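Here the structure comes first, spelled out in structure tokens, and everything after it is commentary.
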Amino acid sequence: MVNDNIIKIVLIDDHKLFREGVKRILEFESSFEVIAEGDDGTEAAKLVKENNPDVVLMDINMPNINGIEATADLVRYFPETKVIILSIHDDEAYVTHALKTGAQGYLLKEMDSDSLIEAIRVVSEGGSYLHPKVTHNLVKEYRRLATDSVAAGAGDKVVEYRKPLHLLTKRECQVLQLLADGKSNRAVAETLYISEKTVKNHVSNILQKMNVNDRTQAVVTAIKKGWVEVL
């Protein structure tokens, strides 16, 4: 019997040792199944066509066809398949390019197993997921551009800093601020001395109350509204 709850994954990375490590992590999740592997972007479309995966984990730096080019092909010909980029680069230029190409996730290879598992679940359900460090860098750049724009257009105008206590609880405001700081669920839990499960519940409540699909959208929205500070 086929289990419809299984998330089928194709793994594309030219470093076999890294690929084996990722596969070993995923094998501990009963709802994940790595159904094919490849070591070059040229194999991506062929493997997706043959295996019809839910998610492709795609290395960004590969010979012949890199991960960005391969992602563009997958988005064009297999739009139902979600792509998560795996990269060593946290520069916003790489991230922006990957997202514009159509990737739904961007993870740094320094990720922990919890981030990898969470990213696959979120992306497979139609959301987007960025590594917390990447989110923080993007938010800093957005904040810099927004500050420059205000300074250019309004002289010495002071931007009021407001917590959304009309919408979120005090604890949810704290969690939202820590997400903007680029902290993972585990780091948020350690900072606030609460469990990761409680953090996940707070994040779910925040997304629902803010009417957004994922934590990245929540942080970007909070930045636009002045609800969080970005160092």
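Rounded to a whole number, what is D in µm²/s for segment 1-52 from Stokes-Einstein with the Kirkwood radius over alpha-carbon pairs (4 °C, 1.567 mPa s)?
It diffuses with D of about 111 µm²/s by this estimate.
I want to verify the translational diffusion coefficient of segment 1-146 in µm²/s; compute it with Stokes-Einstein, Rh as the Kirkwood radius over Cα pairs, at 10 °C and 1.306 mPa s.
Values: Rh = 15.2 Å.
This corresponds to a translational diffusion coefficient of 105 µm²/s.
What aspartates and glutamates does Lys200 reach when the alpha-carbon gap must be under 19 Å and sequence neighbours fewer than 8 apart in one chain are set aside?
Leaving aside aspartates and glutamates fewer than 8 places away in the same chain, those within reach of Lys200 are Glu29, Asp112, Asp114, Glu118, Glu125, Glu172, Asp181, Glu190, Asp214.
What distance in nm lies between label points placed 7 Å from Cα along the C-beta direction at Asn201 and Asp39?
4.7 nm
Say R0 is 25 Å: what FRET efficiency, to the nearest 0.05, do Lys224 and Leu192 get from their beta-carbon distance?
FRET efficiency, Lys224 to Leu192: 0.55.
Would you grab the residues whose amide H sits under 5 Å from the one on Lys82? Only those 5+ places off in sequence or on another chain, please, with H modelled 1.01 Å from N.
For Lys82, whose amide H was placed from the backbone, the distant partners under 5 Å are Val55, Val56.
Going by alpha carbons, how many degrees (0 to 90, nearest 10) lie between the helix axis of 215-225 and the longest principal axis of the chain?
That helix lies at roughly 30 degrees to the long axis.
If I model a spin label as a point 7 Å beyond the Cα along the Cα-Cβ vector, how far apart are those points for Asn211 and Asp114 in nm?
Reported label-point gap for Asn211 and Asp114 is 3.2 nm.
Kindly give Rg over Rh for segment 1-87, based on alpha-carbon atoms, with the Kirkwood expression for the hydrodynamic radius. Write down the numbers at each step before the final one.
Working: Rg = 12.2 Å, Rh = 12.8 Å.
Rg/Rh for segment 1-87 comes to 0.95.
Pairing the Cα long axis of helix 170-180 with the longest principal axis of the chain, what angle in degrees results, from 0 to 90 and rounded to the nearest 10?
60 degrees
How much net charge surrounds Gly126 when only the other residues with a Cβ under 15 Å from the Cβ of Gly126 are counted, with Lys and Arg +1 and Asp and Glu -1?
Charge balance in the 15 Å sphere: -2.
Please give the charge dipole size of segment 4-146, origin at the Cα centre, charges +1 on K and R Cβ atoms and -1 on D and E Cβ atoms. Round to the nearest 20 debye.
440 debye
Computed from the coordinates by the stated procedures, all read-outs in this text should not be read as laboratory data. Bear in mind that the values here come from a model prediction, so they are computed numbers and not experimental data. Cβ atoms come from the backbone with ideal geometry, glycine included; neighbour counts cover every protein chain shown.
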